[in-house]
Amino acid sequence: MIQRNNYKISLFYLYALYSKKVYHETRTQVHCLTKINKQNVISKRYFSQQKDIQEQNIIKNSNEHIPVMAKEVIQYLQPSPGKIYVDMTFGAGGHCKQILESAPDVKIYTLDRDPVAYNIAQELSKNYPEQVIPLLGRFSDLPSLLSEHKVEKRSIDGFLFDFGCSSMQFDDAERGFSLSKDGPLDMRMDGYRCPENPTAADVIEKADEIDLYQILKIYGQEKKARKIARALIEARYMFRKLETTKELAQLVESALDNEVRRDQLGRFSHCATKTFQAFRIFVNNELNEINYGMVLANNYLKVGGCLITISFHSLEDTIVKRHMTGNIADSVANTIPLKYLNRSKTFSVNELQNLVTSPWIMQHKHVLTPLCEEVDKNPRARSAKFRAITKVI
């Protein structure tokens, strides 16, 4: 079984840009804030009867979920009878259902850290017994979960990653991911199964100004990160603790004077969008999980196996590209392309061979994006970037 400690999984960009201050300390500080009243957190966060009803509605509505670039997934994954796949981001099960319908007698291990998605996978497994095996956990939990089912390395035919939040997480105001729906400032993808983990509200309340600035600047790629960080600090002393998504969105609007922004398609974009993205990535340790997920996919895929990734912003896609090109060190994606590294450094033949050798080969020449027809039907697919690679070593 793979030992997680063997891999140096550092925070992706913060490690490079702020090497004088190991940023893992920031995350450790936030996670070790034992002064937070755990009993209050548990009493607030556990599922209520109303929440259970909402979950059941989500499960019923999962059939209406539109998976992103499902046609391309089937085209490059090429499901066939007897093959074994791992859906690393099951969500509402849209891609998984497409795979099951495209070929008989396939087995799919469905992984998701969200208990709601896990419940949907369990319901699906009733219709496909022995074919759908639900797994509850993060990417980094995969080795222990697969070992329970006696799955060995180099035995999987295909991996599928659909990074980011699922539609059902955005649509549920109580999860705190959407700035268009007022709800508690939570943002934990694990939901309520880990009540001791800090929420976005906890991070905003406890992190200092420098840490807030770095979170916003690096994870949100927010140009006005310093201004927003200053506003968050001032809000602690002028107002009560920020506890809802509406309060955070309004504070960012006020700090930026209701700045009008537009996305790549020229459509209106809320000025707090990048702020929400930054805190979501930090709270869920997403970049580390993605990096480790790519390492695990390499370990468990057969030679000739297929890995498909669907990313929605450059931070995710950059990690994928670094792994594809072999630009990694100690199992961590390098922060800059190889051609921009130290020009004065010389390499031995073995070092050079390791640098230019990648275990992957692209199945298509350029990154794929959704067709206009798909974006019209599913606007959330507009920023998707699709990559399909084959393991060759």
| query | Which of the residues belonging to the stretch 142-164 are open to solvent by 20 Å² or more (accessible area, probe 1.4 Å), assigned to a strand (DSSP E or B) and closer than 15 Å to residue 295 by Cα? | reply | none
| remark: Filtering the stretch 356-376 for residues that are assigned to a helix (DSSP H, G or I), open to solvent by 60 Å² or more (accessible area, probe 1.4 Å) and not hydrophobic (A, V, I, L, M, F, W, C) leaves a count of 2
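Residue-by-condition table, conditions (1) assigned to a helix (DSSP H, G or I); (2) farther than 25 Å from residue 78 by Cα; (3) free of Cβ contacts under 8 Å to residues at least 24 places away in the same chain; (4) open to solvent by less than 10 Å² (accessible area, probe 1.4 Å):
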site	(1), (2), (3), (4)
97	yes, no, no, no
101	yes, no, yes, no
105	no, no, no, no
108	no, no, no, yes
120	yes, no, no, yes
130	no, no, yes, no
134	no, no, no, no
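Working only within the stretch 196-216, note down all residues that are open to solvent by 20 Å² or more (accessible area, probe 1.4 Å), part of a loop (DSSP other than H, G, I, E, B) and either more than 14 Å from residue 229 (Cα to Cα) or aliphatic (A, V, I, L, M) (or both). Quick ask: steps written out before the conclusion?
So the first thing to find is which residues in the stretch 196-216 are open to solvent by 20 Å² or more (accessible area, probe 1.4 Å), and the list is 196-197, 205-206, 208-210, 213.
Subsequent filtering for residues that are part of a loop (DSSP other than H, G, I, E, B) retains 196-197, 208.
Result: 196, 197.
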| Which condition breaks for residue 318 when tested against (1) under 21 Å from residue 95 (Cα atoms); (2) modelled with pLDDT under 95? | (1)
| How about the stretch 236-355: which helices (runs of 4 or more DSSP H) wholly inside it have at least 1 residues that are buried (at least 22 other Cβ atoms within 10 Å of the Cβ) and of a type in the set (D, E, K, R)? | 273-284, 286-300, 314-324
| request: For the stretch 246-284, name all the residues that are more than 15 Å from residue 221 (Cβ to Cβ), among the polar types (S, T, N, Q) and at pLDDT 95 or above. | output: 284
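Scanning for something open to solvent by 20 Å² or more (accessible area, probe 1.4 Å) and under 19 Å from the mean Cα position of the chain (by Cα), does the stretch 176-190 turn up at least one residue? Can you show your working first?
Just the residues of the stretch 176-190 that are open to solvent by 20 Å² or more (accessible area, probe 1.4 Å), to begin with: 179-182, 184.
If we keep only those that are under 19 Å from the mean Cα position of the chain (by Cα) as well, we get 179.
Taking every residue of the stretch 176-190 in turn, at least one turns out to be open to solvent by 20 Å² or more (accessible area, probe 1.4 Å) and under 19 Å from the mean Cα position of the chain (by Cα).
Can you go through 218, 233 and tell me which one is under 22 Å from the mean Cα position of the chain (by Cα) and modelled with pLDDT of 90 or more? Talk me through it step by step, then tell me what you get.
Details: 233 fails: under 22 Å from the mean Cα position of the chain (by Cα).
218 is the lone residue from the list that is under 22 Å from the mean Cα position of the chain (by Cα) and modelled with pLDDT of 90 or more.
The values are calculated or read from the model by the stated rules, or taken from the named source; none is laboratory data. Values in this document were obtained by computation on a predicted structure and should not be read as measured data. Note that each Cβ is placed from the backbone with ideal geometry, even for glycine, and that neighbours are counted across all protein chains shown. What goes into the accessible areas is simple: the full protein's heavy atoms, side chains included, and nothing from ligands, DNA or RNA. Shrake-Rupley method; radii C 1.70, N 1.55, O 1.52, S 1.80 Å.
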